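Participant: Below is the structure I would like to discuss, written out as structure tokens.
Laboratory data are not the source of any read-out in this text; all were calculated from the coordinates shown. Just so it is clear, the structure is predicted and the values come from calculations on it, not from any experiment. Quick reminder, even Gly has a Cβ in these numbers, built from the backbone with ideal geometry, and neighbours come from all protein chains shown.
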């Protein structure tokens, strides 16, 4: 799964100016102008999408006693066929701001 994430990261770096590798919570990430919009953690990919829901996804909740982080969705490896398009959507959301 990490290889698939790295392929997406490399393609986005080549295609979009300002996109680079980074880190989020000690995990490999994809950034735009130093802001993370996607990262890989435990065979899942996490995207900043601002969606209310996505089939098969759940909200990122890194802290046990706090609410989930708004806009961040965890998409399991079973849905890796969607990762590339979701990464582009997350990039577009960030780059338009």
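Participant: Angle between the Cα long axis of helix 2-15 and the longest principal axis of the chain, 0 to 90 degrees, nearest 10?
Facilitator: 50 degrees
Participant: Another question, then. Using the 10 angstrom Cβ neighbour count as an exposure proxy, how do 55, 36 rank, fewest first?
Facilitator: With the fewest neighbours first, 55, 36 line up as 55, 36.
Participant: Find how much the distance from residue 67 to residue 15 grows on full extension, using 0.36 nm per residue of separation minus their present alpha carbon separation; answer in nm with one decimal.
Facilitator: Fully extending the segment from residue 67 to residue 15 adds 15.2 nm.
Participant: Determine, for 65, 16, the number of other Cβ atoms within 10 Å of each Cβ, and report the residues in order from fewest to most.
Facilitator: 65, 16
Participant: Residue 25 to residue 95: FRET efficiency via 1/(1 + (r/R0)^6), r the Cβ-Cβ distance, R0 22 Å, to the nearest 0.05?
Facilitator: Efficiency, from the Cβ-Cβ distance: 0.50.
Participant: Same structure, new question: Computed from the mean reciprocal separation of all distinct C-alpha pairs, what Kirkwood hydrodynamic radius does the chain have, in Å?
Facilitator: Across the chain, the inverse of the average 1/r is 13.3 Å.
Participant: Taking only DSSP H segments of four or more residues, each worth -39500 (n - 2.57), what value at 222 nm results for the chain once the sum is divided by all its residues, to the nearest 500 deg cm²/dmol?
Facilitator: Calculated mean residue ellipticity at 222 nm is -9000 deg cm²/dmol.
Participant: 7 Å from Cα along Cα→Cβ at both residue 2 and residue 78: what's the point-to-point distance in nm?
Facilitator: 2.4 nm
Participant: Round to the nearest 10 and give me the degree value, 0 to 90, for the angle of helix 83-95's Cα axis relative to the longest principal axis of the chain.
Facilitator: In the chain, helix 83-95 runs at an angle near 80 degrees to the longest axis.
Participant: Additional query: When 85, 95 are ordered from fewest to most other Cβ atoms inside 10 Å of their Cβ, what list results?
Facilitator: In order of increasing Cβ crowding within 10 Å: 85, 95.
Participant: So, one more: Do you know the relative contact order of the chain, to the nearest whole percent, from alpha carbon pairs under 8 angstrom that are 6+ apart?
Facilitator: After rounding, I find 22 percent.
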